Amino acid sequence: MSDVTQNRHAKTSRDTVAVKRRALELGFDAVGVASLEPNAHADELDQWLAAGYAGTMAYLHRQAEKRKHPARIMPDAQVAVVTLTNYFHGSAHPGLAPGVSTASGRVAQYAWSTDYHAVIGRRLELLATAVRDIVPGARTRCYVDAGPVPERELAQRAGLGWIGKNTMLINPTIGSFTFIGVIFTDAELVADLPFQADRCGTCRRCLEACPTDAFVESRTLDARRCISYLTIEHAAPFRDDERPLVGDWLFGCDVCQDVCPWNITFAETTSDPELAVRPEVAAPELAELLAVTPDEFARRFGDTPFERPGAAGLRRNAAAVSANRARAAP
Ligand code: B12
Ligand code: SF4
Ligand code: SF4
């Protein structure tokens, strides 16, 4: 290797270490660098879309080409810096979520605080600034749960964990209650080795615990049966066969993560001040939601994940939970 090449390698390694150190200083819990080869699971994505499992999430069809070829997401991108942020708020044994009374509906833990798109988005922008400082002239583009990015695949490729049978990215020391954030960049950073192992082994707890039987098989989710899809992404009124599926869940669902041994053993409660629990979203009263006006909804929930389905979506969900409880009552 020539001196020039050697010096360049030394510089890219130093730059990569500096970017990762800055990520941890900013409050990310784990960070890795992913290469941008075509998605190894492109065929699975095509089959999943063709089977109709995306339901009304039409954007997943539109974004498929980029998800299959992540290098096309940003021109000249060399790598993606991938971050994990732990949002676990403590034991949430199915049926016994902390803070949930019979007056309130159950809400998935990821939504118990200020909208993560804003919190993680701000943090990613700070990290992107650091990338541009460390590698002068570099360009960056940040994504968190928006845009045509195969986030879990990139996290696996960045060495941050494996994709479990419940389709979640599971980190062996943090678990799966994590947000994934991604920065595409044309900076020359050193890619990590992918996380190769499948640590699910013979376990099938998530597949068996799903209250709606939404898993067609391991790592294949029919989103149309998933409570998370029904209560958040699905915009239409519930059909009669959909309403009972949501059970007690007002917003999202955590069952396939709550039962996972990697969470039961390793997940630790976050102390991130920007992800502090807000009672009005963690345990909202059904009666209040049924009566909330659009102005009141915007004032109380405008900066929370409830904003996605909006007042009408939450009213639909609250009515379904109330009906399901009334039916289940002796
Ligand atoms: C659409 C979507 C949904 C849909 C569909 C979910 C799904 N499983 O696909 C719905 C609305 C149901 C949903 C629900 C939830 N979501 Co969501 N969602 C997304 C989104 C926008 C796209 C995911 C996607 O591409 N799905 C398409 C299908 C085909 O992909 P897939 O099931 O992951 O399958 C791929 C891989 O599994 C792989 N694959 C297939 N077979 C195999 C085999 C092996 C061995 C391997 C390694 C890989 C592999 O190939 C497939 C195609 O690429 C991402 C953000 C993003 N831009 O990536 C967030 C995201 C996946 N969601 C997230 C979260 C937090 C949730 C919920 C936990 C929220 C909640 N509590 O209610 C639930 C979890 C439900 C579940 N078990 O997945 C996080 C997950 C973080 C993590 N640690 O994994 C993400 C990454 C958002 C973020 N930035 O943090 N979500
Ligand atoms: S989030 Fe709930 S409904 Fe969706 S797959 Fe997991 S356990 Fe099933
Ligand atoms: S519950 Fe078991 S099978 Fe499911 S993701 Fe966790 S380890 Fe894998």
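The values are calculated or read from the model by the stated rules, or taken from the named source; none is laboratory data. What you see is a predicted model; the values in this text were computed from it and never measured. Cβ atoms come from the backbone with ideal geometry, glycine included; neighbour counts cover every protein chain shown. For the accessible areas, the whole protein counts, side chains as well, though only heavy atoms, and no ligand, DNA or RNA atoms are used. Shrake-Rupley method; radii C 1.70, N 1.55, O 1.52, S 1.80 Å.
Run through the DSSP bridge list for the chain and note the antiparallel percent, rounded to the nearest 5. Here the antiparallel bridges make up roughly 90 percent for the chain. Using C-alpha pairs under 8 Å with a sequence gap of at least 6, the mean separation divided by the residue count of segment 3-185 gives a relative contact order of 31 percent. Estimated from helical segments only, the mean residue ellipticity of the chain at 222 nm is -10500 deg cm²/dmol, where each DSSP H run of four or more residues counts as -39500 (n - 2.57). Computed over protein heavy atoms with a 1.4 Å probe, the accessible surface of the chain works out to 47 Å² per residue. Legend: calculated FRET efficiency, D43 to V216, from the Cβ-Cβ distance at R0 = 22 Å, rounded to 0.05, equals 0.90. Two decimals is fine: what is log10 I(q)/I(0) at q = 0.17 Å⁻¹ for segment 186-229, from a Debye sum with one equal scatterer on every Cα and no solvent? Cα-only, vacuum Debye calculation for segment 186-229: -0.63. Taking 20 °C and 1.002 mPa s as conditions, segment 278-329 diffuses translationally at an estimated 189 µm²/s according to Stokes-Einstein applied to its Kirkwood radius (Cα pairs).
Cα convex hull, segment 123-162: 89 Å³ per residue, rounded to a whole number.
Farthest toward the positive end of the dipole of the chain, out of S228, T167, T269, is the Cα of T167, where the dipole comes from beta carbon charges about the Cα centre.
Kindly list the residues of segment 195-223 that lie in the label zone of A51, defined by a backbone N under 19 Å from the point 7 Å along the Cα-to-C-beta vector. Correct set: 204-223. Each of D295 and D76 was given a label point 7 Å from its Cα along the Cα-to-Cβ line. The distance between the two points is 5.1 nm.
Counting only protein chain heavy atoms and rolling a 1.4 Å probe, the accessible areas of H69, H61 rank, largest first, as H61, H69. In a simple Cβ point-charge model (Lys, Arg +1; Asp, Glu -1; nothing else charged), segment 3-185 has a dipole of about 260 debye relative to its Cα centre. Modelled this way, with points 7 Å down the Cα-to-C-beta line, the labels at C203 and A146 are 3.3 nm from one another. Using the average count of surrounding beta-carbon atoms within 10 Å as a protection proxy, the listed peptides 209-222, 245-258 rank, highest first, as 245-258, 209-222. Between A10 and E274, the contour length at 0.36 nm per residue exceeds the alpha carbon distance by 91.4 nm. Take the solvent-accessible surface of the protein heavy atoms, probe 1.4 Å, and return the percent of it on segment 9-76 that carbon and sulfur atoms account for. Result for segment 9-76: 54 percent of the exposed heavy-atom area is carbon or sulfur. Temperature 37 °C, viscosity 0.692 mPa s: under these conditions the Stokes-Einstein estimate for segment 3-185, based on its Kirkwood radius over C-alpha pairs, is 183 µm² per second.
Charge dipole (Cα centre; +1 on Lys/Arg Cβ, -1 on Asp/Glu Cβ; no other charges) of the chain amounts to roughly 160 debye. Computed over neighbours whose Cβ is under 14 Å from that of T270, the net charge equals -2, Lys and Arg +1, Asp and Glu -1. Taking every DSSP bridge with both residues inside segment 3-185, close to 100 percent are antiparallel. P(r) for the chain, from all Cα pairs and a bin width of 20 Å, is 30, 57, 12, 1 %, short bins first.
Each Cα pair under 8 Å and six or more residues apart adds its sequence gap; the mean of these over the residue count of the chain is a relative contact order of 24 percent.
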